[in-house]
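A.B. asks: Let me give you the structure first, and then I'll get to my questions.
The values are calculated or read from the model by the stated rules, or taken from the named source; none is laboratory data. None of these values were measured; they are calculated from a predicted model. We place every Cβ from the backbone using ideal geometry, glycine too, and count neighbours over all the protein chains shown. Keep in mind that these areas ignore ligands, DNA and RNA; they rest on the heavy atoms of the full protein, side chains included. Shrake-Rupley method; radii C 1.70, N 1.55, O 1.52, S 1.80 Å.
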Amino acid sequence: QVHLVESGGGLVQPGKSLTLSCAASSGSIFSINAMGWYRQAPGKERELVARIDSGGRTNYADSGNGRFTISRDSARNTAYLYINSLKPEDTAVYYCFAKITVAGIHVNDYWGQGTQVTVSS
């Protein structure tokens, strides 16, 4: 199995920036096909924020309006999400996602436990 651990969430003021981190680990040999960030606000559906594949190609939700940047450190099996100009509407639980091949055979989707981002004065 693979575990994803998010960090970096917290309470921030509107207009500030924030970086979230997600580290993948496993007791088996694995390779990461893609990683991404999703978020879910109270009473709303989970939605895509950003995604990056093994080749470094990225995909962003149109609703982000250019404020999100996803990056990846392959050596550390870690993905980052940089959020610029935070708005109260960004308040949500942010979940890390990864599509991972384990032992060269098994491909599965994995989710982190989530990190809370609260944007408020």
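A.B. asks: Do the conditions hold for residue 83, that is, is it over 16 Å from residue 3 (Cα atoms) and within 12 Å of the chain's Cα centre (by Cα)?
C.D. replies: yes
A.B. asks: When only residues in the stretch 10-56 that are under 15 Å from the mean Cα position of the chain (by Cα), over 14 Å from residue 90 (Cβ atoms) and charged (D, E, K, R) count, which is surrounded by the most Cβ atoms within 10 Å (Cβ to Cβ)?
C.D. replies: For the stretch 10-56, the residue satisfying everything is 51.
A.B. asks: So which of 7, 63 ends up being surrounded by fewer than 18 Cβ atoms within 10 Å (Cβ to Cβ), out of contact with any Gly (no Cβ under 7 Å at 6 or more places or on another chain) and at pLDDT below 95?
C.D. replies: Residue meeting the stated conditions: 63.
A.B. asks: Right, here's the next one. Criterion first (within 24 Å of residue 13 (Cβ to Cβ), touching a residue at least 40 places away in the same chain (Cβ under 8 Å) and among the β-branched types (Val, Ile, Thr)) does residue 100 satisfy it?
C.D. replies: No, not satisfied.
A.B. asks: Can you name the residue in the stretch 97-118 that is open to solvent by 30 Å² or more (accessible area, probe 1.4 Å) and part of a strand (DSSP E or B) and, of all such residues, is farthest from residue 32 (Cα to Cα)?
C.D. replies: For the stretch 97-118, the residue satisfying everything is 118.
A.B. asks: Exactly one condition in (1) in contact with a Lys or Arg (Cβ under 9 Å, 6 or more places away or on another chain); (2) more than 12 Å from residue 20 (Cα to Cα); (3) open to solvent by less than 50 Å² (accessible area, probe 1.4 Å) is false for residue 79; which is it?
C.D. replies: Every listed condition holds for residue 79 apart from (2).
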